[in-house]
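Can you keep this structure in mind? I'll have questions shortly.
The values are calculated or read from the model by the stated rules, or taken from the named source; none is laboratory data. Note that this is a predicted model, so its numbers are computed, not measured. Here the Cβ positions follow ideal geometry from the backbone for every residue, glycine too, while neighbour counts run over all protein chains shown.
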Amino acid sequence: MITTAFTFAATVNVVEHVGARPVLVDRDRVVEALIGENIGAALHYTPIHQHSYYRKRYGYCPESFPHATFAGEQIFSLPLTPSMSMADAEDVIQAVLKVARAYAD
């Protein structure tokens with residue numbers, strides 16, 4: 001899996017590549033749209049300070065590490081592995097571009 005950070009274009013300039021201005025889109029909506037395109041996108045990253053052990057042991061809260069919290073709210077995974085065929089990888093790429101174009105309009 002490749003983990004991809006999106007603030008749907010703020011971090012990765014996907015929307016600029018499809019000829020539109022960068023826009024902010026909720027990560028969950030992007031994942032839902034990709035799943036609708038039959039792409040197995042998934043939520044991926046929970047910052048370590050938000051795991052129960054660290055919350056209980058050290059008293060961490062989301063505000064303890066705001067940058068990690070922000071990243072955790074933006075990152076999701078795409079199914080891109082070395083064992084995928086080029087056609088499958090192209091399907092993922094085209095779906096990401098399709099979703100990016102839909103949110104750029």
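Considering only residues that are among the hydrophobic types (A, V, I, L, M, F, W, C) and either over 18 Å from residue 79 (Cα atoms) or part of a loop (DSSP other than H, G, I, E, B) (or both), look in region 23-53 and name the one that is farthest from the chain's Cα centre (by Cα). Let's see the steps before the verdict.
Of region 23-53, the ones among the hydrophobic types (A, V, I, L, M, F, W, C) are 23-25, 30-31, 33-35, 39, 41-43, 48.
After this cut, where a residue has to be either over 18 Å from residue 79 (Cα atoms) or part of a loop (DSSP other than H, G, I, E, B) (or both) as well, the list is 23-25, 39, 41, 48.
On the way: 23: 14, 24: 12, 25: 10, 39: 13, 41: 8, 48: 18 Å.
For region 23-53, the residue satisfying everything is 48.
Check whether at least one residue in region 49-67 is of a type outside the set (Val, Ile, Thr) and in contact (Cβ under 8 Å) with a residue 40 or more places away in the chain, and report yes or no. Spell out how you get there, then give the answer.
Narrowing region 49-67 to residues of a type outside the set (Val, Ile, Thr): 49-67.
Those still in the list that are in contact (Cβ under 8 Å) with a residue 40 or more places away in the chain too: none.
So far as region 49-67 goes, no, none of its residues is of a type outside the set (Val, Ile, Thr) and in contact (Cβ under 8 Å) with a residue 40 or more places away in the chain.
Hey, does region 76-87 have a residue that's out of contact with any Ser or Thr (no Cβ under 7 Å at 6 or more places or on another chain), surrounded by 10 or more Cβ atoms within 10 Å (Cβ to Cβ), part of a helix (DSSP H, G or I) and in contact (Cβ under 8 Å) with a residue 12 or more places away in the chain? Outline the logic, then answer.
As a first pass, look at region 76-87 and keep what is out of contact with any Ser or Thr (no Cβ under 7 Å at 6 or more places or on another chain): 79-87.
With surrounded by 10 or more Cβ atoms within 10 Å (Cβ to Cβ) added as a condition, the list becomes 79-81, 84.
Subset that is part of a helix (DSSP H, G or I): none.
No; the residues of region 76-87 include none that is out of contact with any Ser or Thr (no Cβ under 7 Å at 6 or more places or on another chain), surrounded by 10 or more Cβ atoms within 10 Å (Cβ to Cβ), part of a helix (DSSP H, G or I) and in contact (Cβ under 8 Å) with a residue 12 or more places away in the chain.
Which one is farthest from residue 45 (Cα to Cα), of the residues in region 55-69 that are surrounded by 14 or more Cβ atoms within 10 Å (Cβ to Cβ) and among the hydrophobic types (A, V, I, L, M, F, W, C)?
Here is the first cut: in region 55-69, the residues surrounded by 14 or more Cβ atoms within 10 Å (Cβ to Cβ) are 55, 60, 62, 64-65, 68-69.
Filter again for among the hydrophobic types (A, V, I, L, M, F, W, C), leaving 65, 68.
Numbers: 65: 14, 68: 10 Å.
For region 55-69, the residue satisfying everything is 65.
Hey, another quick one. Can you work out which of the residues in region 88-104 that are among the small types (Gly, Ala, Ser) and modelled with pLDDT of 90 or more is surrounded by the most Cβ atoms within 10 Å (Cβ to Cβ)?
Residues of region 88-104 among the small types (Gly, Ala, Ser): 89, 95, 100, 102, 104.
If we keep only those that are modelled with pLDDT of 90 or more too, we end up with 89, 95.
Working: 89: 15, 95: 19.
So, considering only residues that are among the small types (Gly, Ala, Ser) and modelled with pLDDT of 90 or more, the one surrounded by the most Cβ atoms within 10 Å (Cβ to Cβ) is 95.
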